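The values are calculated or read from the model by the stated rules, or taken from the named source; none is laboratory data. Everything numeric here is computed off the predicted structure, so don't read it as measured data. Don't worry about glycine lacking a Cβ; one is built from the backbone with ideal geometry, like all the others, and counts go over all protein chains shown.
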Amino acid sequence: MRVSIDTRPGGSGPNEDWVAGTPTMAIVLDGLSTAGLDTGCRHGVPWYVSHLGGALITALADPTRSLTDALGSALEQVAAMHPQCDLANPGTPSATVAILRERDDVLDHLVLADSPVIFETREGYSAITDLRVDDVLPELRTAVEQYETHTPEHKDALRHLVTEQRKVRNTAEGYWVAAATPEAAVHALTGATPLTGVQAAAVMSDGASRLVTEYQMATWDEVFASLRSGGPTELIETVRKVEATDPTGVRWPRYKSGDDAAVAFCEWSAAVSSRHS
């Protein structure tokens with residue numbers, strides 16, 4: 001498996017996305033926005049995603065270990081790195097998780113929250129994502145989207161949304177993300193796809209996938225063509241060019257003018273493809 005990666009911040013702030021690729025896996029983490037609210041942690045989201053990513057790579061060094069077990073172990077390990085922080089704070093640094101791992105003739109996947117894994121097959125495209133957060137507080141999401149970005153009203157509405165989301169984050173009544181407790185791992189969506197017939201795959205944060213899912217300015221076919229021609233960098237640059245045509249979120253209401261974006265593009269050689277065809 002050949003993996004090419006890139007990640008770019010959505011604005012002037014630090015990048016809260018994280019991506020890594022090895023010959024057997026691709027991992028994308030998308031740190032959740034704090035909206036300027038207290039997190040109880042002195043380290044911050046970029047610190048959290050980088051340490052969680054490193055712990056995941058270590059945990060997945062054993063190919064027989066399940067993705068769920070590896071994520072749970074990584075969450076526990078990172079929590080132990082900053083016990084002096086208030087890990088019970090509902091706003092403790094957290095992230096979405098998307099993992100793709102090649103194991104023998106199978107591709108294992110894990111998705112926790114809305115960073116998707118997309119498979120390109122002979123039959124078309126299959127996007128695996130976890131959109132449970134969309135069912136939580138939809139009226140507050142709508143309230144945020146009625147204002148242009150960078151306005152005081154938009155900022156206040158977003159802070160109110162995040163405050164209320166935190167109350168149901170990682171609870172049975174809400175949605176699940178990677179945070180401070182290993183329990184979240186068992187709520188991830190997991191599965192296995194035979195390598196036979198898979199031509200390519202992409203793992204990305206929603207800052208990149210929104211070109212298709214929210215902006216509807218490209219199809220998955222066009223996205224994969226872009227990934228083949230210019231890699232993740234070209235795809236992210238395309239997202240930025242589209243967002244630049246609507247900087248205040250009038251055409252596409254959203255939380256930020258530009259969101260951090262991370263992409264891992266996975267390809268297999270002709271020899272592997274023919275062996276599994």
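Checked against the criterion of being modelled with pLDDT of 95 or more, in a loop (DSSP other than H, G, I, E, B) and on the phi > 0 side of the Ramachandran plot, the range 10-29 contains not a single residue that satisfies it.
Is it the case that some residue within the range 71-86 is in a loop (DSSP other than H, G, I, E, B) and either in contact with a strand residue (DSSP E or B) (Cβ under 6 Å, 6 or more places away or on another chain) or of a type in the set (Asp, Glu) (or both)? If you could, list the steps in order and put the result at the bottom.
Applying the first criterion (in a loop (DSSP other than H, G, I, E, B)) to the range 71-86 yields 82-86.
Now narrow it down to the ones that are either in contact with a strand residue (DSSP E or B) (Cβ under 6 Å, 6 or more places away or on another chain) or of a type in the set (Asp, Glu) (or both): 86.
Yes, the range 71-86 contains a residue that is in a loop (DSSP other than H, G, I, E, B) and either in contact with a strand residue (DSSP E or B) (Cβ under 6 Å, 6 or more places away or on another chain) or of a type in the set (Asp, Glu) (or both).
Residue check: is Arg101 assigned to a strand (DSSP E or B), at pLDDT 95 or above and under 21 Å from the mean Cα position of the chain (by Cα)? Considered against the rule, which asks whether it is assigned to a strand (DSSP E or B), at pLDDT 95 or above and under 21 Å from the mean Cα position of the chain (by Cα), Arg101 comes out as yes. Under the condition of being touching a His at 6+ places or on another chain (Cβ under 8 Å) and within 18 Å of Ala98 (Cβ to Cβ), the residues counted in the range 49-83 number 2. May I ask you to list the residues in the range 210-237 that are in contact with a helix residue (DSSP H, G or I) (Cβ under 6 Å, 6 or more places away or on another chain), assigned to a helix (DSSP H, G or I) and of a type in the set (Ser, Thr, Tyr)? Passing the criteria: only Ser226.
For the range 108-144, the set of residues classified as touching a residue at least 40 places away in the same chain (Cβ under 8 Å), over 14 Å from Met204 (Cβ atoms) and within 12 Å of the chain's Cα centre (by Cα) consists of Leu110, Leu112, listed by residue number.
None of Gly249, Gly258, Gly207 is part of a helix (DSSP H, G or I), buried (at least 18 other Cβ atoms within 10 Å of the Cβ) and touching a residue at least 40 places away in the same chain (Cβ under 8 Å) except Gly207.
Have a look at Asp105, Asp62 and point out the one that is surrounded by fewer than 22 Cβ atoms within 10 Å (Cβ to Cβ) and out of contact with any strand residue (DSSP E or B) (no Cβ under 9 Å at 6 or more places or on another chain).
On the way: Asp105 fails: out of contact with any strand residue (DSSP E or B) (no Cβ under 9 Å at 6 or more places or on another chain).
On inspection, the qualifying residue turns out to be Asp62.
Filtering the range 108-157 down to residues that are part of a strand (DSSP E or B) and of a type in the set (Val, Ile, Thr), which residue is farthest from Ser257 (Cα to Cα)? So that I can check it myself, show each step before the final result.
In the first step, residues of the range 108-157 are kept if they are part of a strand (DSSP E or B); the result is 108-112, 117-121, 124-128.
Next, from what is left, pick out any that are of a type in the set (Val, Ile, Thr): 111, 117-118, 121, 128.
Numbers: Val111: 25, Val117: 24, Ile118: 25, Thr121: 33, Ile128: 25 Å.
Among residues in the range 108-157 that are part of a strand (DSSP E or B) and of a type in the set (Val, Ile, Thr), the one farthest from Ser257 (Cα to Cα) is Thr121.
Scan the range 181-201 and tell me whether some residue there is surrounded by 19 or more Cβ atoms within 10 Å (Cβ to Cβ), assigned to a helix (DSSP H, G or I) and under 17 Å from the mean Cα position of the chain (by Cα). Taking every residue of the range 181-201 in turn, at least one turns out to be surrounded by 19 or more Cβ atoms within 10 Å (Cβ to Cβ), assigned to a helix (DSSP H, G or I) and under 17 Å from the mean Cα position of the chain (by Cα). The residues listed here are Ala35, Ala95; of these, the one that is surrounded by fewer than 20 Cβ atoms within 10 Å (Cβ to Cβ) and either under 14 Å from the mean Cα position of the chain (by Cα) or in contact (Cβ under 8 Å) with a residue 24 or more places away in the chain (or both) is Ala35.
Evaluation of Ala200 against the conditions (1) within 25 Å of Asp134 (Cβ to Cβ); (2) in contact with a Cys (Cβ under 7 Å, 6 or more places away or on another chain) shows that the sole unmet condition is (1). Val49 passes every criterion in (1) free of Cβ contacts under 8 Å to residues at least 60 places away in the same chain; (2) in contact with a Ser or Thr (Cβ under 8 Å, 6 or more places away or on another chain); (3) in a helix (DSSP H, G or I) apart from (2). Scanning the range 239-267 for residues that are more than 17 Å from Ser4 (Cα to Cα) and either β-branched (Val, Ile, Thr) or touching a strand residue (DSSP E or B) at 6+ places or on another chain (Cβ under 7 Å) (or both) yields Val239, Val242, Thr245, Thr248, Val250, Asp260.
Against the condition over 19 Å from the mean Cα position of the chain (by Cα), more than 25 Å from Lys167 (Cβ to Cβ), of a type in the set (Gly, Ala, Ser) and surrounded by fewer than 24 Cβ atoms within 10 Å (Cβ to Cβ), how does Ser50 come out, does it pass? Reasoning before the result, please.
Details: over 19 Å from the mean Cα position of the chain (by Cα): no; more than 25 Å from Lys167 (Cβ to Cβ): yes; of a type in the set (Gly, Ala, Ser): yes; surrounded by fewer than 24 Cβ atoms within 10 Å (Cβ to Cβ): yes.
In short, no.
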